[in-house]
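Undergrad: Handing you this structure, nothing more for now.
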Amino acid sequence: MKLLECFSKEKILPLSLTAGVVLLDQITKAIIVKNWPIPEGGFFVFIKDVFNNGFLHMVHVRNKAIAFSLGENLPEFIKPIAFIVFPILVLCFLLWYYFKSDEFNNVQKWAVAGIIGGGIGNIIDRIFRPDGVVDFISVRIYGLFGMERWPTFNVADSSVVVCCILLFVTIFISYGKEKGKVKIDEQEA
């Protein structure tokens, strides 16, 4: 593959979503940090109930681990490797594969760009915010998975989750179409 083909308009344009996610994520976190500091030993609820029905709470919490506080009990010397170095390597591999491969359709390119943006947003926090990643959105899930509220999250987390779901759905749809095409081609032969 030629170098210019790797950096075509079709591959560069979705990265505007990456930049947008990082920017929106960092702006919202900066607003939270500036206007609603965390008191020692707890979290601060600054908008208790957005819709007045308990569905959406805006809070300020810090997560020193990864999603769902996984890895919180890891030894301190392993955390930088597990929470910074490894995610950076994964994002670098994803970017490399994104530019090298022609396997992604347009929707998948945008989904990968959103995943990269969310990953970068949280890595920025892990590097530059010693108190941990800023999380501030808490939604009620009415007992689903045995929880009353979903673990608190942020814009970067939302982007990663939504774009991962979109990517997997489109991959399965593409795989299903390809399998159907193979079966039709075999029948014609």
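Undergrad: Residue by residue through the range 134-153, note down the ones that are surrounded by fewer than 19 Cβ atoms within 10 Å (Cβ to Cβ) and either of a type in the set (Phe, Trp, Tyr) or out of contact with any strand residue (DSSP E or B) (no Cβ under 9 Å at 6 or more places or on another chain) (or both).
TA: 142, 143, 144, 145, 146, 147, 150
Undergrad: Then there's this: Just give me the residues in the range 21-55 being surrounded by 15 or more Cβ atoms within 10 Å (Cβ to Cβ), modelled with pLDDT of 80 or more and not basic (Lys, Arg), in sequence order.
TA: 21, 22, 24, 25, 26, 28, 32, 33, 36
Undergrad: Do any residues in the range 1-20 that are closer than 19 Å to residue 159 by Cβ and in a loop (DSSP other than H, G, I, E, B) have Cβ atoms under 8 Å from those of residues that are aromatic (Phe, Trp, Tyr) and at pLDDT 85 or above, where the two are at least six apart or on different chains, and which pairs are they?
TA: From the range 1-20, the pairs are 14/110.
Undergrad: When you look at residue 65, is it under 22 Å from residue 126 (Cα atoms) and modelled with pLDDT of 90 or more, yes or no?
TA: Numbers: under 22 Å from residue 126 (Cα atoms): yes; modelled with pLDDT of 90 or more: no.
Considered against the rule, which asks whether it is under 22 Å from residue 126 (Cα atoms) and modelled with pLDDT of 90 or more, residue 65 comes out as no.
Undergrad: Let me ask something else. Pairs please, first residue from the range 29-40 and in contact (Cβ under 8 Å) with a residue 12 or more places away in the chain and closer than 19 Å to residue 122 by Cα, second anywhere and assigned to a loop (DSSP other than H, G, I, E, B) and basic (Lys, Arg), Cβ atoms under 7 Å, 6+ apart in sequence or on different chains.
TA: Within 7 Å, no pair qualifies.
Undergrad: Look at the range 107-152 and say how many of its residues are closer than 24 Å to residue 89 by Cα and over 19 Å from the mean Cα position of the chain (by Cα).
TA: The qualifying residues number 2.
Undergrad: Before we move on, is residue 131 of a type in the set (D, E, K, R), closer than 21 Å to residue 17 by Cα and touching a strand residue (DSSP E or B) at 6+ places or on another chain (Cβ under 9 Å)?
TA: On the way: of a type in the set (D, E, K, R): yes; closer than 21 Å to residue 17 by Cα: no; touching a strand residue (DSSP E or B) at 6+ places or on another chain (Cβ under 9 Å): yes.
Criteria not met by residue 131.
Undergrad: Another question, then. Scan the range 123-133 residue by residue and report those that are surrounded by fewer than 21 Cβ atoms within 10 Å (Cβ to Cβ) and of a type in the set (A, V, I, L, M).
TA: 123, 124, 127
Undergrad: Within the range 68-92, how many residues are modelled with pLDDT of 80 or more, part of a helix (DSSP H, G or I) and of a type in the set (A, V, I, L, M, F, W, C)?
TA: 11
The values are calculated or read from the model by the stated rules, or taken from the named source; none is laboratory data. All of these numbers come straight from a predicted model, not from anything done at the bench. In this analysis, Cβ positions are derived from the backbone assuming ideal geometry, glycine residues included, and neighbour counts consider all displayed protein chains.
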